[in-house]
Structures are given as structure tokens and as C-alpha cells.
Amino acid sequence: MQKKNVERLMKERSARASLAAGFRFFMENLRRIFKSTWLSAVITAAVCGVAATVIFISWPELMVRIYSDLDHAWQYAADYRMMLITVAALTLLSLACTLWFYYMGLRAFRQLTDQKAGSIKALLPTLHPHYWGRWLLVGFVCSLILIPLLLITSLPEFIIYEANWQAHAGVVGGDPLGMPSSITALTFVTCTLTSFLQLYLLLPAFACLYYNYGGIRTYINKKQ
């Protein structure tokens, strides 16, 4: 049974109405969505935090060494091959966890709107070129709203990465590393919290796309 005060998904609506419905649905049901997704968000954020920490701590050191001695770049890359393999593995794991989180978010959307699990066959008609304009418009507007927020919330990560880069550049020039012993823990906490926040910042875009899908499906059903 559809939850009280949740706007019906299967309703013919324009792209603009889909945007409004998606953002309204997310804000009005944030508590229930969070209750269904917090565990996957915590795990995903932790994995992303580990991956970012390895990259932020190790990558500047490798890049500075390569730039300072290009003749031995391949030797440095070989020396750091385990780090590169670890980064690649953690990146893939982070991607898998992120997909899992948004799957849990979509499942929460379906439960709130009383929709059964969809199929590819049901989705394909809504991806017809005739509806590409609607999809692109919804995605574009969501990007205009959310990308600035993602950049702002990423500022602490940018600062930590730049600090690591400058510190390792100084070491090549003969200076001491100059980073506190707690930098690894600080990087992990910062990246984990940022990842957790950004996971939920992107969920409204999925809600808008979800309601856009419902509007297109309703329109297609009425034509048949």
C-alpha cells in the first residue's frame, strides 16, 4: 500500500513536473529513505574513504617522483606497482558499493510509492529517442543544482590532497615531509564523511529521474 502523503508515481507529468515531484518526494520522505539506506551508505562511505586515503597519501608521492626524474618514470611505477594494484582494486570496490547504495535507494523509492520491482522490458520503451529530450532536460537541471553542491562539499578533500602534494614536492627539494602523524586518520575521516554526504546529495537526482520514468510510462500506457 502506498505510504500516506507520497505522490503517486504513475501519473502523466511534464519534465518540469517530474523535477518538482522528485525533489518534493525526496525532501518529504528523507527520514524514511535514510532509514532504508543508512547501512549501505555507511559501508559505501567507509570503502570510498579507504580508497581516497590510499590515493591521497600515496599518489602525490609517486607523481612528484616521476615529474622530478622522468628518465626513471617506469622504474618508479614498477616500485609502486602494488600501490597501483591496490588503488585499482579499491576503486572498483568503491564503484560496486556505490551502485549497491543507489540500488537500495531505488528499492526505498519503490516501497514508498508501492511499486513492484521493474524489468528491463518495462524500462526500454521509456528510453526511445522520442523521450531523450525529457531525460536530458531532467538530468541537466539536476546537474545544475547538484554539481555546485558536490564541488563545495569536496573542498576539504581538495585541501588535503593539495597539502600532501606540496609536502612531497618539498621532500624532493630537500625539505622534511612536514605532515602531522595523524594525516592518514584525518584524511580517512574527511573523505568518509564527504562520501557519506555526497551519496545523499545525489539521491534527489535519482528521485527526479524516477518520477520522470513514471510520467513517461503513464503517457505510453495511455497511448496503447
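Residue-wise test of (1) over 28 Å from Lys35 (Cα atoms); (2) charged (D, E, K, R); (3) in contact (Cβ under 8 Å) with a residue 60 or more places away in the chain.
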residue: Ala108; (1), (2), (3): no, no, yes
residue: Gln115; (1), (2), (3): no, no, yes
residue: His130; (1), (2), (3): yes, no, no
residue: Trp135; (1), (2), (3): yes, no, yes
residue: Leu150; (1), (2), (3): no, no, no
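Might you let me know whether segment 63-80 holds any residue that is among the hydroxyl-bearing types (Ser, Thr, Tyr) and at pLDDT 90 or above? No, there is no match, as no residue in segment 63-80 is among the hydroxyl-bearing types (Ser, Thr, Tyr) and at pLDDT 90 or above. Kindly indicate whether any position in segment 158-176 is charged (D, E, K, R), modelled with pLDDT under 85 and within 22 Å of the chain's Cα centre (by Cα). Checking segment 158-176: at least one residue is charged (D, E, K, R), modelled with pLDDT under 85 and within 22 Å of the chain's Cα centre (by Cα).
The values are calculated or read from the model by the stated rules, or taken from the named source; none is laboratory data. Everything numeric here is computed off the predicted structure, so don't read it as measured data. Here Cβ is always computed from backbone atoms with ideal geometry, including for glycine, and neighbour counts include all displayed protein chains.
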